[in-house]
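Student: This is the structure I have questions about; it appears just below.
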Amino acid sequence: MILGFKNIDELIDIALKTTSFEDMLFLTKHPSMIVRRSLAKNININQDILNNLINDPVLNVSYVANKNPNNKNFRFLFDDVQRPCVICEKEEKDLVCENCDHVKDHNF
C-alpha cells in the first residue's frame with residue numbers, strides 16, 4: 001500500500017487496523033503525532049514497533065504505546081502525568097483540542 005499519498009484521516013484508519021509490518025514501520029516515522037498515537041493503539045502491533053513508539057519524543061504517543069496490552073517490556077510509570085492531552089482517551093479522528101473542556105480547565 002502506498003501510504004505517502006493518503007490523507008491524515010485515512011492514515012489514522014490504517015494505523016488503527018493494519019497488520020503489515022512495513023506499514024507500521026512507515027507510520028512510526030510519520031510527522032503527525034496523531035497518526036503515531038493511533039498506531040500505538042493498534043492491537044496487531046508487535047513489540048519492535050511498540051518499542052519505537054514507547055521511545056517517541058512526544059509524550060502523547062509514548063504514553064499510549066506504553067499502555068498497549070501487547071507491550072511485554074518494562075512499563076514506564078506515568079503517575080506524574082498531569083496534562084489532559086496526554087491521558088486523553090478521545091479518538092484521534094476529527095480530534096479538536098482547542099475547544100476541549102479539559103484543556104480549558106488545566107493550568108499549563
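Each row is one residue, and each column tells you yes or no for (1) at pLDDT 80 or above; (2) among the basic types (Lys, Arg).
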| residue | (1), (2) |
| --- | --- |
| Ile34 | yes, no |
| Asn66 | yes, no |
| Leu95 | no, no |
| Glu98 | no, no |
| Lys104 | no, yes |
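Student: Among the residues of the range 35-51, which ones are more than 17 Å from Asp13 (Cβ to Cβ) and part of a loop (DSSP other than H, G, I, E, B)?
Tutor: Asn46
Student: Can you tell me how many residues in the range 38-60 are of a type outside the set (Val, Ile, Thr) and closer than 13 Å to Ser20 by Cβ?
Tutor: The qualifying residues number 4.
Residue by residue, here is whether (1) open to solvent by less than 70 Å² (accessible area, probe 1.4 Å); (2) touching a residue at least 60 places away in the same chain (Cβ under 8 Å); (3) acidic (Asp, Glu) holds:
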site: Leu3; (1), (2), (3): yes, no, no
site: Glu10; (1), (2), (3): no, no, yes
site: Phe21; (1), (2), (3): no, no, no
site: Ser38; (1), (2), (3): yes, no, no
site: Ile43; (1), (2), (3): no, no, no
site: Ile49; (1), (2), (3): yes, no, no
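Student: Tell me, please, whether a residue that is free of Cβ contacts under 8 Å to residues at least 60 places away in the same chain, surrounded by 14 or more Cβ atoms within 10 Å (Cβ to Cβ), within 13 Å of the chain's Cα centre (by Cα) and not in a loop (DSSP other than H, G, I, E, B) can be found in the range 86-97.
Tutor: Yes, the range 86-97 contains a residue that is free of Cβ contacts under 8 Å to residues at least 60 places away in the same chain, surrounded by 14 or more Cβ atoms within 10 Å (Cβ to Cβ), within 13 Å of the chain's Cα centre (by Cα) and not in a loop (DSSP other than H, G, I, E, B).
The values are calculated or read from the model by the stated rules, or taken from the named source; none is laboratory data. This is a predicted model, so every value here is computed, not measured. Neighbour counts run over all protein chains shown; Cβ positions are idealised from the backbone, glycine included. Just so you know, the surface numbers come from the protein's heavy atoms only, side chains and all, with ligands and any DNA or RNA stripped out. Shrake-Rupley method; radii C 1.70, N 1.55, O 1.52, S 1.80 Å.
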